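Beneath this line is the structure, given in structure tokens, with notes to follow.
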Amino acid sequence: MLVPIGEWRPDLPALGNPGAMEAKNVQPRESSYAPFRSLQDYSAALGGRCIGFFTARSLAGVTTVFAGTPTKLYSLTGSSTSWTDVTRASGGDYAADEHWTFNQFGDYVTAWNGVDAIQVFQLGVSTKFAALAGSPPMARYACNARDQVMVGHVASANQTVAWCGTNSLTTWGYDASLQSDSQELPGGGPIMALVGRLDPHIWCQTSIYTAIFAGPPYFWNFNQVELERGTLFPKSVVGFGTLSFGLCADGFYVFDGVGAKPIAQGKVNKWFFDRFDQGYPDRINAAVDPIAQCIVWAFPGPGHVTGDPNMLLFFHWPTGRWAYAEVQLEYLAQGGQTFGFTLEQLDTPMPNVDLGAFSLDSRIWTAQGSPILSAITTAHKLAFFTGSTLEATVDTGEAQLVAGRRAFVSKLRPLVDGSDCSISVKAITRNRQQDEVTVGSAVAVNDLGYAPMRSNARYQRARLIVAAGGDWEHIHGIEVDARAAGRR
């Protein structure tokens, strides 16, 4: 019989689970699981722990990466693999150990942390950040709202949003002609995240608002769409297209401006909360992987070191399928983009072609501004998930292969698309539902494409393992050769 590897749903009971009980170090696809790769270092180290990351592309098409540490701001361009200290020229180091939020408005990148004066950097012109003119409010979060910048969680009023003048980044406070103003949102607690678009999404602790442009005299209307659901984890919220995704008190949700819909109920909510160390609420952060069509959350799970994320959770938005990976990192890079290089420019990042970490046809070199998932490692270096494939482990659901009887399984044939990979299979069995499962030894797939077995039990499942470093594309399922076992 053919047993497809269905959707990973570890929150459901093993018996009769229509999907997979395990989907580790893989990414979900439409009807299969694809490999996930290790991190490859690209840059030198930052001067400290990364607590904010942003990729900007100037109107001239030049990509610049920004990163923030507790005391400094840094930039990185294609001209070097070393970070440049672009901390403000006057005023010294930043005082607050607060997460940085970055925003790009035209060729101006602003940096916000809710404590220090708002910082601005003009792409192609500035060499250091400087205080933004116009007396902007000190806020924690910022986004673009049509032709304005909207900010939230103002230092003196954490339930207040404010917005600059139309196409005027330095106009703040009430200005009728340029339509700048501020507004307190009375319900839902402190503002925790803003997701920019024509109608921004505003996530508070216990509610979600939409901001809808109304024009004079009120400029913006704020609708409290979700009355009981918000987020306690600001960096868990990320936007893509017309949607925003985030972690609420009862699990993961997608918000479309009309309401919040659960995306992990009966799938991975319990699995996640059983593993997430909520003693580090500031360490979970989200990013979009548009190539894989996944929202990715990084979080500290079992075995983490001082709160650094060591697990990634993938949500494939076209199908609603999930998977996870175990990877040590410091900060998952939202909006990471490649720099793009000519052959002459490759001398700087890769002076020795033979010793280069990335192949010459990698998107790292060939696609200027192409979005690609990246991270800051625990060594404070920018890295891309372009290394060797990680060891993949996928379990089927548990089944009674012969109704009312034990079944004898003589062989298992994994269905894996791959030209050069080492595959093994384990039988997982038990005879009563109240028994602990027995995990058999790994059996390598032979030259005929199957793993010979002698498994005899009432309830059975299979664990498929693809060794690290292999060249493969999809895990589809497993063929099981089984028959009714003899009675005693």
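For (1) out of contact with any strand residue (DSSP E or B) (no Cβ under 7 Å at 6 or more places or on another chain); (2) not small (Gly, Ala, Ser), each residue gets a yes or a no:
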site	(1), (2)
Val3	no, yes
Pro10	no, yes
Ala14	no, no
Glu30	yes, yes
Tyr42	no, yes
Arg49	yes, yes
Thr55	no, yes
Ala60	yes, no
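Go through the residues of the range 193-209 one by one and say whether even a single one is in the same structural domain as Pro318 (by TED's automatic domain parsing), more than 21 Å from the chain's Cα centre (by Cα), surrounded by fewer than 22 Cβ atoms within 10 Å (Cβ to Cβ) and of a type in the set (Lys, Arg). Checked against the condition, which is being in the same structural domain as Pro318 (by TED's automatic domain parsing), more than 21 Å from the chain's Cα centre (by Cα), surrounded by fewer than 22 Cβ atoms within 10 Å (Cβ to Cβ) and of a type in the set (Lys, Arg), the range 193-209 yields no hits at all.
Would the range 286-308 turn up any residue that is surrounded by 15 or more Cβ atoms within 10 Å (Cβ to Cβ), polar (S, T, N, Q) and outside any loop (DSSP other than H, G, I, E, B)? For the range 286-308, residues surrounded by 15 or more Cβ atoms within 10 Å (Cβ to Cβ), polar (S, T, N, Q) and outside any loop (DSSP other than H, G, I, E, B): absent. Checking each residue in the range 189-228 for being modelled with pLDDT of 95 or more and not in a strand (DSSP E or B) picks out Gly189, Pro190, Pro200, Gln205, Thr206, Ser207. For first residues located in the range 312-334 and within 16 Å of Thr393 (Cα to Cα), partners that are crowded, with 20+ Cβ neighbours inside 10 Å and among the basic types (Lys, Arg) and lie 6+ apart or on another chain with Cβ distances below 6 Å form the pairs Trp322/Lys267. Consider the range 228-238 and keep the residues that are touching a strand residue (DSSP E or B) at 6+ places or on another chain (Cβ under 9 Å) and free of Cβ contacts under 8 Å to residues at least 60 places away in the same chain. The one that is farthest from Tyr331 (Cα to Cα) is Arg229. Exactly one of (1) assigned to a loop (DSSP other than H, G, I, E, B); (2) under 26 Å from Ala485 (Cβ atoms); (3) among the β-branched types (Val, Ile, Thr) is unmet by Thr386. Its number? (2) is the only condition that Thr386 fails. Does any residue of the range 451-467 turn out to be in contact with an Asp or Glu (Cβ under 7 Å, 6 or more places away or on another chain), surrounded by fewer than 17 Cβ atoms within 10 Å (Cβ to Cβ) and at pLDDT 95 or above? Yes, some residue in the range 451-467 is in contact with an Asp or Glu (Cβ under 7 Å, 6 or more places away or on another chain), surrounded by fewer than 17 Cβ atoms within 10 Å (Cβ to Cβ) and at pLDDT 95 or above. Would you point out which residue out of Ala162, Ala111 is of a type in the set (A, V, I, L, M, F, W, C) and within 26 Å of the chain's Cα centre (by Cα)? Matching residue, one of Ala162, Ala111: Ala111.
Okay, residues lined up against (1) touching a residue at least 24 places away in the same chain (Cβ under 8 Å); (2) outside the structural domain of Ala333 (by TED's automatic domain parsing); (3) touching a Leu at 6+ places or on another chain (Cβ under 8 Å):
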| position | (1), (2), (3) |
| --- | --- |
| Arg29 | yes, yes, no |
| Gly91 | yes, no, no |
| Phe105 | yes, no, yes |
| Tyr108 | yes, no, yes |
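Does the range 260-279 contain any residue that is touching a residue at least 60 places away in the same chain (Cβ under 8 Å) and assigned to a strand (DSSP E or B)? No, the range 260-279 has no match at all.
Looking only at residues in the range 370-385 that are under 12 Å from Gly48 (Cα atoms) and of a type outside the set (Lys, Arg), the one that is nearest to the chain's Cα centre (by Cα) is Ile376. Taken together, Met150, Met138 contain a single residue that is assigned by TED's automatic domain parsing to the domain that holds Ala67, without any contact (Cβ under 8 Å) to a residue 40 or more places away in the chain and not polar (S, T, N, Q), which is Met138. Residues of the range 399-450 being hydroxyl-bearing (Ser, Thr, Tyr), in contact with a Leu (Cβ under 9 Å, 6 or more places away or on another chain) and buried (at least 18 other Cβ atoms within 10 Å of the Cβ), which ones? Tyr450, the sole residue that qualifies.
The values are calculated or read from the model by the stated rules, or taken from the named source; none is laboratory data. Note that this is a predicted model, so its numbers are computed, not measured. Note that we place each Cβ from the backbone using ideal geometry, even for glycine, and neighbour counts take in every protein chain shown.
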